[in-house]
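Data block below; observations after.
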Amino acid sequence: MSTENIKVIVRCRPLNKREISFNAQNIIVVNSNVAQVIVNSPDKSQTANEEHIQQIFTFDKVFGTQSMNIDLFNQSFKPVVQAVTQGYNACIFTYGQTGCGKTFTMSGEQSDEGCISNSFDCIFDYISTIPNSVKIVLKASYIEIHNEKIKDLVTNLNDLPVNESKELGIYVGNLSEHLCCTKTDLQKVREDGYKNRNLQWWALEMLF
Ligand SMILES: Nc1ncnc2c1ncn2[C@@H]1O[C@H](COP(=O)(O)OP(=O)(O)OP(=O)(O)O)[C@@H](O)[C@H]1O
Ligand SMILES: [Mg+2]
(Lines give C-alpha, C1' and ligand atoms only; values in the text may rest on other atoms or scores of the structure.)
(Ligands and ions follow the chains in the order given, each with its own letter.)
Protein backbone atom coordinates (compact mmCIF):
# COMPACT_ATOMS: atom_id res chain seq x y z
CA MET A 1 0.00 0.00 0.00
CA SER A 2 1.31 3.44 -0.88
CA THR A 3 1.77 5.98 1.88
CA GLU A 4 -0.53 8.43 0.09
CA ASN A 5 -4.19 8.06 1.06
CA ILE A 6 -5.63 10.11 -1.78
CA LYS A 7 -4.48 10.04 -5.39
CA VAL A 8 -5.70 12.33 -8.15
CA ILE A 9 -5.62 10.98 -11.67
CA VAL A 10 -6.50 12.93 -14.80
CA ARG A 11 -7.71 11.38 -18.02
CA CYS A 12 -8.14 13.44 -21.20
CA ARG A 13 -10.57 12.23 -23.83
CA PRO A 14 -10.28 12.85 -27.58
CA LEU A 15 -12.30 15.64 -29.20
CA ASN A 16 -15.84 14.46 -29.82
CA LYS A 17 -17.76 14.73 -33.12
CA ARG A 18 -19.40 17.97 -32.09
CA GLU A 19 -16.10 19.61 -31.18
CA ILE A 20 -14.51 18.42 -34.43
CA SER A 21 -17.50 19.73 -36.42
CA PHE A 22 -16.85 23.30 -35.30
CA ASN A 23 -13.06 22.98 -35.70
CA ALA A 24 -12.32 23.13 -31.99
CA GLN A 25 -8.58 23.08 -31.38
CA ASN A 26 -6.89 20.83 -28.87
CA ILE A 27 -4.94 22.93 -26.38
CA ILE A 28 -4.07 20.05 -24.02
CA VAL A 29 -0.80 18.11 -24.02
CA VAL A 30 -0.59 15.05 -21.77
CA ASN A 31 2.86 14.01 -20.61
CA SER A 32 2.42 10.66 -18.89
CA ASN A 33 6.13 10.28 -18.11
CA VAL A 34 6.07 13.18 -15.66
CA ALA A 35 2.33 13.00 -14.81
CA GLN A 36 1.69 16.47 -16.22
CA VAL A 37 -1.07 18.09 -18.20
CA ILE A 38 -0.01 21.15 -20.16
CA VAL A 39 -2.73 23.61 -21.09
CA ASN A 40 -1.66 25.90 -23.93
CA SER A 41 -3.33 29.24 -24.41
CA PRO A 42 -5.78 29.29 -27.33
CA ASP A 43 -4.53 32.85 -27.93
CA LYS A 44 -1.33 32.35 -29.91
CA SER A 45 -0.80 36.07 -30.58
CA GLN A 46 2.29 37.72 -29.18
CA THR A 47 0.08 39.95 -27.09
CA ALA A 48 -0.88 36.96 -24.91
CA ASN A 49 0.44 37.44 -21.42
CA GLU A 50 3.57 35.29 -20.99
CA GLU A 51 2.22 33.39 -17.99
CA HIS A 52 -0.99 32.62 -19.83
CA ILE A 53 0.73 31.04 -22.84
CA GLN A 54 1.19 27.73 -21.08
CA GLN A 55 0.05 26.35 -17.75
CA ILE A 56 1.40 23.11 -16.33
CA PHE A 57 -0.43 20.95 -13.79
CA THR A 58 1.06 17.88 -12.09
CA PHE A 59 -1.04 14.99 -10.76
CA ASP A 60 -0.39 11.52 -9.36
CA LYS A 61 -0.92 10.08 -12.82
CA VAL A 62 -2.25 11.29 -16.15
CA PHE A 63 -3.70 9.36 -19.07
CA GLY A 64 -3.89 10.65 -22.65
CA THR A 65 -6.56 10.42 -25.32
CA GLN A 66 -5.40 7.00 -26.55
CA SER A 67 -5.44 5.38 -23.12
CA MET A 68 -7.56 2.27 -22.59
CA ASN A 69 -9.73 1.53 -19.57
CA ILE A 70 -7.62 -1.52 -18.81
CA ASP A 71 -4.50 0.72 -18.62
CA LEU A 72 -6.19 2.93 -16.03
CA PHE A 73 -7.28 -0.12 -14.12
CA ASN A 74 -3.92 -1.86 -14.06
CA GLN A 75 -1.90 1.24 -13.33
CA SER A 76 -4.17 3.13 -10.96
CA PHE A 77 -7.35 1.41 -9.79
CA LYS A 78 -6.10 -2.13 -9.17
CA PRO A 79 -3.95 -1.25 -6.13
CA VAL A 80 -7.02 0.41 -4.57
CA VAL A 81 -9.21 -2.67 -5.08
CA GLN A 82 -6.40 -4.92 -3.84
CA ALA A 83 -6.13 -2.78 -0.71
CA VAL A 84 -9.78 -3.63 0.05
CA THR A 85 -8.88 -7.32 0.03
CA GLN A 86 -6.26 -6.46 2.66
CA GLY A 87 -8.90 -4.91 4.92
CA TYR A 88 -8.76 -1.23 3.96
CA ASN A 89 -11.77 0.90 3.11
CA ALA A 90 -11.44 2.39 -0.36
CA CYS A 91 -13.28 4.61 -2.80
CA ILE A 92 -12.81 5.35 -6.49
CA PHE A 93 -14.91 8.16 -7.91
CA THR A 94 -14.96 10.17 -11.12
CA TYR A 95 -15.44 13.90 -11.21
CA GLY A 96 -15.75 16.25 -14.14
CA GLN A 97 -18.07 18.23 -16.35
CA THR A 98 -20.80 16.55 -18.34
CA GLY A 99 -19.48 14.64 -21.36
CA CYS A 100 -15.90 14.45 -20.12
CA GLY A 101 -15.84 10.64 -19.87
CA LYS A 102 -16.88 9.62 -16.35
CA THR A 103 -19.29 6.88 -17.48
CA PHE A 104 -16.84 5.81 -20.21
CA THR A 105 -14.18 5.30 -17.54
CA MET A 106 -16.37 3.61 -14.93
CA SER A 107 -18.65 1.48 -17.14
CA GLY A 108 -16.56 1.20 -20.30
CA GLU A 109 -17.51 -0.64 -23.45
CA GLN A 110 -17.69 -4.32 -24.37
CA SER A 111 -14.28 -4.18 -26.05
CA ASP A 112 -12.70 -2.29 -23.15
CA GLU A 113 -14.56 -2.84 -19.88
CA GLY A 114 -14.50 -0.02 -17.35
CA CYS A 115 -13.36 0.27 -13.77
CA ILE A 116 -16.47 -1.37 -12.26
CA SER A 117 -16.29 -4.61 -14.24
CA ASN A 118 -12.50 -4.81 -13.89
CA SER A 119 -12.89 -4.36 -10.12
CA PHE A 120 -15.38 -7.24 -9.99
CA ASP A 121 -12.85 -9.47 -11.80
CA CYS A 122 -10.08 -8.37 -9.46
CA ILE A 123 -12.17 -9.21 -6.37
CA PHE A 124 -13.10 -12.68 -7.63
CA ASP A 125 -9.53 -13.35 -8.79
CA TYR A 126 -8.47 -12.66 -5.22
CA ILE A 127 -11.21 -14.90 -3.76
CA SER A 128 -10.11 -17.76 -6.04
CA THR A 129 -6.67 -17.70 -4.38
CA ILE A 130 -8.11 -18.13 -0.86
CA PRO A 131 -8.10 -21.68 0.56
CA ASN A 132 -11.55 -23.32 0.80
CA SER A 133 -11.23 -23.51 4.57
CA VAL A 134 -11.50 -19.71 4.79
CA LYS A 135 -15.05 -18.37 4.64
CA ILE A 136 -15.52 -15.21 2.57
CA VAL A 137 -18.78 -13.25 2.58
CA LEU A 138 -19.19 -10.67 -0.17
CA LYS A 139 -22.17 -8.31 -0.02
CA ALA A 140 -23.02 -5.47 -2.39
CA SER A 141 -25.14 -2.35 -2.01
CA TYR A 142 -25.82 0.32 -4.61
CA ILE A 143 -26.81 3.86 -3.70
CA GLU A 144 -27.38 7.16 -5.46
CA ILE A 145 -27.00 10.59 -3.87
CA HIS A 146 -29.20 13.04 -5.70
CA ASN A 147 -30.47 16.42 -4.48
CA GLU A 148 -28.93 15.71 -1.05
CA LYS A 149 -31.02 12.52 -0.70
CA ILE A 150 -29.68 8.98 -0.49
CA LYS A 151 -31.55 6.32 -2.43
CA ASP A 152 -31.09 2.55 -2.28
CA LEU A 153 -31.04 1.79 -6.00
CA VAL A 154 -31.78 -1.92 -5.52
CA THR A 155 -34.88 -1.57 -3.29
CA ASN A 156 -35.75 1.88 -4.72
CA LEU A 157 -36.19 3.24 -1.16
CA ASN A 158 -35.41 6.97 -1.01
CA ASP A 159 -34.26 9.36 1.70
CA LEU A 160 -32.18 6.89 3.70
CA PRO A 161 -30.61 8.25 6.89
CA VAL A 162 -26.89 8.75 7.56
CA ASN A 163 -26.20 7.13 10.94
CA GLU A 164 -23.16 6.80 13.14
CA SER A 165 -22.20 4.07 15.57
CA LYS A 166 -19.08 3.13 17.52
CA GLU A 167 -18.73 -0.17 15.66
CA LEU A 168 -19.49 0.94 12.10
CA GLY A 169 -18.50 4.60 12.12
CA ILE A 170 -20.62 6.59 9.65
CA TYR A 171 -23.00 4.45 7.58
CA VAL A 172 -26.21 4.60 5.55
CA GLY A 173 -29.15 3.31 7.58
CA ASN A 174 -31.65 0.74 6.21
CA LEU A 175 -29.43 0.03 3.21
CA SER A 176 -30.05 -3.35 1.57
CA GLU A 177 -27.09 -5.70 1.23
CA HIS A 178 -26.99 -8.46 -1.38
CA LEU A 179 -24.98 -11.62 -0.99
CA CYS A 180 -22.82 -12.20 -4.08
CA CYS A 181 -21.15 -15.55 -4.68
CA THR A 182 -20.13 -14.97 -8.30
CA LYS A 183 -19.35 -12.10 -10.65
CA THR A 184 -22.78 -12.69 -12.24
CA ASP A 185 -24.45 -12.04 -8.85
CA LEU A 186 -22.52 -8.79 -8.54
CA GLN A 187 -23.38 -7.78 -12.11
CA LYS A 188 -27.08 -8.40 -11.33
CA VAL A 189 -27.01 -5.99 -8.37
CA ARG A 190 -25.36 -3.45 -10.65
CA GLU A 191 -27.90 -3.95 -13.46
CA ASP A 192 -30.94 -3.92 -11.13
CA GLY A 193 -29.71 -0.75 -9.46
CA TYR A 194 -28.76 1.00 -12.69
CA LYS A 195 -32.39 0.85 -13.87
CA ASN A 196 -33.49 2.86 -10.83
CA ARG A 197 -31.08 5.77 -11.29
CA ASN A 198 -32.60 9.23 -11.38
CA LEU A 199 -34.44 10.00 -14.63
CA GLN A 200 -32.70 13.33 -15.12
CA TRP A 201 -29.40 11.52 -15.25
CA TRP A 202 -30.80 9.15 -17.83
CA ALA A 203 -31.80 12.13 -19.93
CA LEU A 204 -28.28 13.53 -19.73
CA GLU A 205 -26.78 10.18 -20.69
CA MET A 206 -29.02 10.13 -23.76
CA LEU A 207 -27.95 13.62 -24.83
CA PHE A 208 -24.37 12.51 -25.48
N1 LIG B 1 -11.35 8.30 -23.30
C2 LIG B 1 -12.31 8.31 -24.25
N3 LIG B 1 -12.07 7.83 -25.49
C4 LIG B 1 -13.03 7.83 -26.44
N5 LIG B 1 -14.29 8.32 -26.25
C6 LIG B 1 -14.59 8.80 -25.04
C7 LIG B 1 -13.62 8.83 -23.97
N8 LIG B 1 -14.20 9.38 -22.88
C9 LIG B 1 -15.46 9.67 -23.25
N10 LIG B 1 -15.69 9.33 -24.53
C11 LIG B 1 -16.97 9.51 -25.26
O12 LIG B 1 -17.45 10.81 -24.93
C13 LIG B 1 -18.87 10.80 -24.70
C14 LIG B 1 -19.19 11.34 -23.31
O15 LIG B 1 -18.61 10.49 -22.33
P16 LIG B 1 -19.39 10.05 -21.00
O17 LIG B 1 -20.80 9.69 -21.31
O18 LIG B 1 -18.56 9.03 -20.33
O19 LIG B 1 -19.36 11.41 -20.18
P20 LIG B 1 -19.82 11.68 -18.67
O21 LIG B 1 -18.68 12.37 -18.01
O22 LIG B 1 -20.31 10.42 -18.05
O23 LIG B 1 -21.00 12.71 -18.85
P24 LIG B 1 -22.31 12.96 -17.91
O25 LIG B 1 -21.85 13.81 -16.76
O26 LIG B 1 -23.22 13.72 -18.82
O27 LIG B 1 -22.85 11.63 -17.49
C28 LIG B 1 -19.31 9.35 -24.90
O29 LIG B 1 -19.82 9.22 -26.22
C30 LIG B 1 -18.04 8.54 -24.76
O31 LIG B 1 -18.08 7.34 -25.52
MG1 LIG C 1 -22.13 9.82 -17.26
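For the peptides 158-167, 145-154, the ranking by mean Cβ contacts within 10 Å, running from highest to lowest, is 145-154, 158-167. Dividing the Cα radius of gyration of region 83-208 by its Kirkwood radius returns 0.97 for Rg/Rh. Computed over protein heavy atoms with a 1.4 angstrom probe, the accessible surface ordering of Y95, Y194, largest first, is Y95, Y194.
Using a probe radius of 1.4 angstrom, the carbon and sulfur fraction of the accessible surface of the chain is 53%.
For the chain, the 222 nm mean residue ellipticity estimated from helices alone, with every DSSP H stretch of n ≥ 4 adding -39500 (n - 2.57) and the total spread over all residues, rounds to -8000 deg cm²/dmol.
So which of K135/K195; K135/K188; K7/K151; K149/K188; K7/K135; K151/K183 end up more than 30 Å apart by C-alpha?
K135/K195; K7/K135
Share of antiparallel DSSP beta bridges in the chain, in percent to the nearest 5? The antiparallel proportion sits near 90 percent. Taking K139 as the anchor, which aspartates and glutamates have their alpha carbon closer than 13 Å to its alpha carbon, excluding any fewer than eight residues away along the same chain? Answer for K139, where 13 Å is the Cα cut-off: E177, D185, listed by chain and number. Most fluctuating residue of P79, P14, P42 in a GNM of the chain with Cα springs under 10 Å: which is it? Maximum fluctuation in the GNM of the chain, among the listed residues, is at P42. Heavy atoms of the protein chains alone define the surface here; on that basis region 68-133 has 62 Å² accessible area per residue at 1.4 Å probe size. When L157, L15, L72 are compared by accessible surface with a 1.4 Å probe, the order from highest to lowest is L157, L15, L72.
The values are calculated or read from the model by the stated rules, or taken from the named source; none is laboratory data. Small disclaimer: the values here were computed from a predicted structure and weren't measured. All Cβ positions, even for glycine, are placed from backbone atoms using ideal geometry, and neighbour counts span all protein chains on display. Just so you know, the surface numbers come from the protein's heavy atoms only, side chains and all, with ligands and any DNA or RNA stripped out. Shrake-Rupley method; radii C 1.70, N 1.55, O 1.52, S 1.80 Å.
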